[in-house]
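Each remark here refers to the structure printed beneath this line.
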Amino acid sequence: DSVEAEYGTDPLNIDSDLDNYSDFQEIEQGTDPLDASDHPYLGGWTIDIDCRDSVVSTGNDVGEVMEHFEAVDQFGETVSSYDFCNRTLLLAAGVSEAPSLETQYQKYKEQGFMPIYLIAEDNEYNAATTEDAETWASTHGLTFPVLADSGWSIGNRFELDNYIPSYTLIGKGMEVVEVDGDISDADIEALLD
C-alpha cells in the first residue's frame, strides 16, 4: 500500500490505468502505472525511466548525443531509443552474423548491453514491415529488439559508406562512441558497468 501511495495508484485496483499490465509489472519495468500509453515492452526489455525524458540530442557523430528514434519491433510495438538511455547500445544493420549478436546479448545484458537490429528491406527490396522483423527475430532466435527501419530512416543517420553491414556503438547517456565500424567485445566491455 505504501508503494501504491507513492505512485498514486489505487491499492484496490491491480491495473490502475487499464492497459492490461498490473501496477506491479509497470513499476518493476520502469513504466508509469497511471498512463495507459506507457507500458512494458512485450519483449521484456526494461525501460530506463530515470533518464529517458532528460536526454538532449546534439547529433549523430562520435562524441555527440544520438538523435532519438522510434520504430516498430518484432512484436508490433513502437520502440523508443531513449528508453535504453542507461545502456550500451549496438545498432546493427544488414549483419549476417545475427546469432553472434544474440550470443553477445546473452553474455553482456546483465551489465547493461542491448543490441538493436535494424532491418530496412525484405528479400525483394520492399520496405521492412513488422512481419519482416518478426520473421528475422524468429529465424535467428533473437531476443533483443529487431526494428523495421523502413526507408532507411535510422540507419542512414549513422552509416558512412554502405548501409549494409553497419555497426554503431552508443554509450550510456546516448553518446555516440563509434559509427559504422568494426565493434569488438573489448569495445563493448569498455562501456559496461
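Scanning the range 29-49 for residues that are polar (S, T, N, Q) and in a loop (DSSP other than H, G, I, E, B), which turns out most open to solvent (accessible area, probe 1.4 Å)? If we take residues in the range 29-49 being polar (S, T, N, Q) and in a loop (DSSP other than H, G, I, E, B), then Ser37 is most open to solvent (accessible area, probe 1.4 Å).
Of the residues Tyr125, Tyr167, which single one is open to solvent by 20 Å² or more (accessible area, probe 1.4 Å) and in contact (Cβ under 8 Å) with a residue 60 or more places away in the chain?
Unique residue meeting the criteria: Tyr167.
Taking the numbered list (1) in a strand (DSSP E or B); (2) surrounded by fewer than 19 Cβ atoms within 10 Å (Cβ to Cβ) in turn, Gly63 passes all entries but (1).
Scanning the range 1-28 for residues that are modelled with pLDDT of 85 or more, part of a loop (DSSP other than H, G, I, E, B) and open to solvent by 60 Å² or more (accessible area, probe 1.4 Å) returns Ile14, Leu18, Asn20. Being open to solvent by 30 Å² or more (accessible area, probe 1.4 Å) and farther than 30 Å from Ile49 by Cβ holds for only one residue in Thr139, Thr143, Thr130, Thr103, and it is Thr139. Going through (1) at pLDDT 85 or above; (2) over 16 Å from the mean Cα position of the chain (by Cα) one by one, Asp161 falls short only on (1). When the range 176-193 is examined, which residues are found to be within 19 Å of the chain's Cα centre (by Cα) and either β-branched (Val, Ile, Thr) or under 13 Å from Leu91 (Cβ atoms) (or both)? Across the range 176-193, the qualifying residues are Val176, Val177, Glu178, Val179, Asp180, Ile183, Ile188. Within the set Glu70, Glu64, Glu77, the sole residue that is acidic (Asp, Glu), within 14 Å of the chain's Cα centre (by Cα) and closer than 19 Å to Thr168 by Cβ turns out to be Glu70. The numbered conditions (1) outside any strand (DSSP E or B); (2) at pLDDT below 95 are all true for Ser57 except (2).
The values are calculated or read from the model by the stated rules, or taken from the named source; none is laboratory data. Not measured: the values here are computed from a predicted model. No Cβ is skipped: glycine too gets one built from the backbone with ideal geometry, and neighbour counts run over all protein chains shown. All accessible areas refer to the heavy atoms of the entire protein, side chains included, with ligands and DNA or RNA removed. Shrake-Rupley method; radii C 1.70, N 1.55, O 1.52, S 1.80 Å.
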